[in-house]
Amino acid sequence: MTKKRAASSTKTRPGHRPGEFIRVLISDARVKLRLKQLAKEIRRDFPTEALHLIGVLKGSVFFLTDLARELGGEVSFDFLSVSSYGSGTDSTGEVKLIKDLDVSIEGKTVIVVEDILDTGLTLKYLLRFFEEKKPKHLRVVVLLDKVERRIADVRADYTGFAIPNEFVVGYGLDFDERYRNLPDVSVLQFGSRSKAITE
Ligand code: IMP
């Protein structure tokens with residue numbers, strides 16, 4: 001597994017609401033390039049297998065659909081939704097299933113597609129949930145990994161970018177359901193413009 005450290009730009013611009021500022025951390029071009037490499041890594045491990053991707057709604061939607069198109073061969077996908085209790089930029093670590101899978105994963109080569117690995121509590125819950133359903137293989141691909149924040153003892157098999165401990169939005173990631181449609185992965189900062197720039 002190759003981990004890429006995200007290099008950030010210094011340009012901060014206003015966000016969608018007063019007091020919110022965004023700064024590009026990983027451009028959409030870099031994301032797309034890394035996706036091609038991730039798809040190759042996955043296919044190197046499973047050259048001929050049918051792959052069943054499971055996206056965790058909603059943050060992984062763009063990641064899953066872009067990755068699916070980079071993976072050659074037979075690919076199917078499904079989605080599930082969980083909620084982590086909490087508000088704003090912090091979660092309490094309690095996880096609840098909101099939407100279950102549509103089809104059985106028994107005997108399938110499953111790739112869980114997650115937007116970001118933070119404390120790891122969501123992934124820990126999901127892995128236990130999926131393992132009970134007896135897939136043939138169970139692997140995890142994450143776009144972003146905030147390594148410093150880990151609480152649960154979990155790791156991804158394939159990681160797009162290791163990122164610093166900052167709240168990020170864009171490319172599917174949200175803050176209160178907003179910013180998902182930004183093409184780049186950006187850091188969201190709060191406060192006055194001068195404070196946001198110097199932080
Ligand atoms: P974990 O259970 O703490 O690993 O958190 C996983 C979930 O928290 C992710 O799937 C995201 O939905 C959310 N999350 C964690 N960090 C961020 C962030 O920086 N921006 C947006 N969502 C985040």
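Each residue, Q37 and L97, gets one label point 7 Å from its Cα in the Cβ direction; the gap between the two is 3.6 nm. Divided by 2.2 N^0.38 Å, where N counts the residues, the Cα radius of gyration of the chain comes to 1.02. For A50 and K124, a Förster radius of 30 Å and the Cβ-Cβ distance give a FRET efficiency of 0.65, rounded to the nearest 0.05.
Distance between the pseudo-spin-label points of L57 and R178 (7 Å out from Cα toward the beta carbon): 2.3 nm.
For the residue pairs K32/K99; K32/K136; K99/K124; K58/K99, alpha carbon separations beyond 23 Å are given by K32/K99; K32/K136.
The residues of the chain present an accessible area of 50 Å² per residue when probed at 1.4 Å with all protein chains retained. Shown is the FRET efficiency for I151 and E74, computed with R0 = 41 Å from the Cβ-Cβ distance and rounded to the nearest 0.05: 0.70. D153 exposes around 150 Å² of accessible area when a 1.4 Å probe is run over every protein chain in place.
Across V82, V103, V187, mean-square fluctuation computed from a Gaussian network of the chain (C-alpha pairs under 10 Å connected) peaks at V103. Across the accessible surface of the stretch 27-163, with the other protein chains kept in place and a 1.4 Å probe, carbon and sulfur atoms take up 49 percent.
Listed peptides 54-63, 122-131 appear in the order 54-63, 122-131 once ranked by packing, highest mean of other Cβ atoms within 10 Å at the front.
The values are calculated or read from the model by the stated rules, or taken from the named source; none is laboratory data. Model, not experiment: these values are computed from the prediction. Here the Cβ is made from the backbone with ideal geometry for all residues, glycine too, and neighbour counts use every protein chain on show. Areas reflect the complete protein model, heavy atoms only, side chains present, ligands, DNA and RNA absent. Shrake-Rupley method; radii C 1.70, N 1.55, O 1.52, S 1.80 Å.
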